[in-house]
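For reference, the structure discussed in these notes is given below.
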Protein chains: 2
Amino acid sequence: MPEQAETLRRTPLSRDRILRAAVALADGAGIESLSMRNLAQELGVVPMALYKHVANKDELLDGMIDVVVGEIDPPEPDVDWKNAVRRRILSARQVLRRHPWAPLAIESRNMATPAILAYLNSMVGTFRAGGFSADLAHHVMHAMGSRILGFSQELFDASRRAGRSGATDPEPPAPLPPEIAARFPHLAEIAMAASHDDASVVGQGCDDQFEFEFALDLLLDGIERLRQQGWTSSHRPR
Amino acid sequence: MPEQAETLRRTPLSRDRILRAAVALADGAGIESLSMRNLAQELGVVPMALYKHVANKDELLDGMIDVVVGEIDPPEPDVDWKNAVRRRILSARQVLRRHPWAPLAIESRNMATPAILAYLNSMVGTFRAGGFSADLAHHVMHAMGSRILGFSQELFDASRRAGRSGATDPEPPAPLPPEIAARFPHLAEIAMAASHDDASVVGQGCDDQFEFEFALDLLLDGIERLRQQGWTSSHRPR
DNA sequence: ACCTGAACACCGTTCAAGT
DNA sequence: ACCTGAACACCGTTCAAGT
């Protein structure tokens, strides 16, 4: 049936189609399933065909990162710096939640991609427009670190688990085993202490969104204080 | 020469000797050079011999992480919570600088190792002894995130580059190319603004230690303020 | 000129054969 | 019983042969 074969080969291969398929594969099956060979098969193509559009796997990853970063909302106009930064970072966080493989991928690549540079540049612009000196803006960007891209920076992030089931896996938070609780009593205590008065969380397990915003506001409030004080790196008023 | 062969086989293989050799290999040649086969060769042993002491490569990585975390200084007694936390985290940071592969390795493993749990437990203990409620201590631990282990959490960390030359590579900070500076003027501006009055830094490039302590103190100062206010998650005084 | 199958140099790990 | 060589099922990428 030659017509069916025609249909299978679909649209011709392009860099864009490769990147989108790679992102979809990493989203759905986990980043560890993303091999040049698997990706080619997904596209109904021989592995070597990919190399016409991406130089190698590292460049593929860079392209995937740019696709993800491109999903972050553009800055809103006419908003004070603090809300502008806050909303943009929370948008970045929503994007990363759709692509749980992205944080590790971004951290393991050590060159900034064009889309990331554009995002960072625009974020610095928001600080500068908000009255920050270039000096303070510099240190503030460092202080935000990868949180500026929505990374929750947890030591152990359940959402990062590269399970094959992707979004279909609710993964109930495992209550920590009794022998662990006995050996590490302080950890057991704070595990129980989380939002016990919040009906939406049953006590075990954390509200990721709450924790992210808690840390974000802690930083933004401290940053606002420095700005008001006219902080400089050579002379720190206290 | 049978005696020389005897010498070559040295001390008998043990889990500890494997872990130390693995850490040394990752430190010296980069984490990408750490394969079961390479490690075995380094130890003058057939690859399969390793599997008598570690179940698989993931368990090897967990063991390496525990070796690294074990190098962090124990908590000092008779110090106020803020200085206790600060010094311990700066110690962790020094450790990570000796093992640049460790941050990514820790983040890619998603189970806490015993050594990490002990470290975190002890850190929570310091907060609790300093007068923090279990509730606030919980959120504070989340807010510190992986910074609590000394991660600098930069988006692009030159020190993380897994170069083969290890510590022998000073790697002068590349001044950002003019066409990048033109496309991202805000980034160019803050790149120049860094510690221009500090003689030890030539203008280009950042003082990692300064940036780390800047962010750390920003967090610790904000945390101290919450503690003084008697912050709780159900009722936030402002 | 373009495309692509086979090949190369690696992986982690299984397994059966050897001692 | 222990140890280990060969084998298996993968990688990313090169390269030469085919169209």
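Bear in mind these aren't lab numbers, they're just calculated from the coordinates by the rules spelled out. Since we're looking at a predicted model, the values are computed, not measured. In this analysis, Cβ positions are derived from the backbone assuming ideal geometry, glycine residues included, and neighbour counts consider all displayed protein chains.
On the beta carbon distance between B:S108 and B:V46, with R0 = 25 Å, the FRET formula returns roughly 0.35.
Report the residues of region A:22-66 in range of a label on A:R98: point 7 Å along Cα→C-beta, backbone N strictly under 18 Å from it. It comes to A:22-31, A:63-66, nothing else. Sorted shortest first, the distances from the B:V79 label point to those of the same residue in the other copies are 4.0 nm; each point sits 7 Å from Cα along Cα-to-Cβ. In straight-distance terms, cross-link reach from B:K57 covers every one of the lysines whose alpha-carbon lies under 27 Å from its own, apart from those fewer than eight places away in the same chain; here that gives A:K57. In nanometres and ascending order, the distances from the A:P185 label point to those of the other copies are 6.1 (point 7 Å from Cα along Cα→Cβ).
Taking θ as phi - 60° and the Karplus parameters 6.51, -1.76 and 1.60, the scalar couplings of region B:137-152 work out to 4, 4, 5, 5, 4, 4, 5, 5, x, 6, 4, 4, 9, x, 4, 7 Hz in sequence order, x denoting glycine and proline.
Across the copies of the chain, A:D66 has label points (7 Å from Cα along Cα→Cβ) spaced 4.4 nm apart, shortest distance listed first. The chain A residue nearest the rotation axis shared with chain B, using its Cβ and rounding the distance to whole Å, is A:G222, 2.
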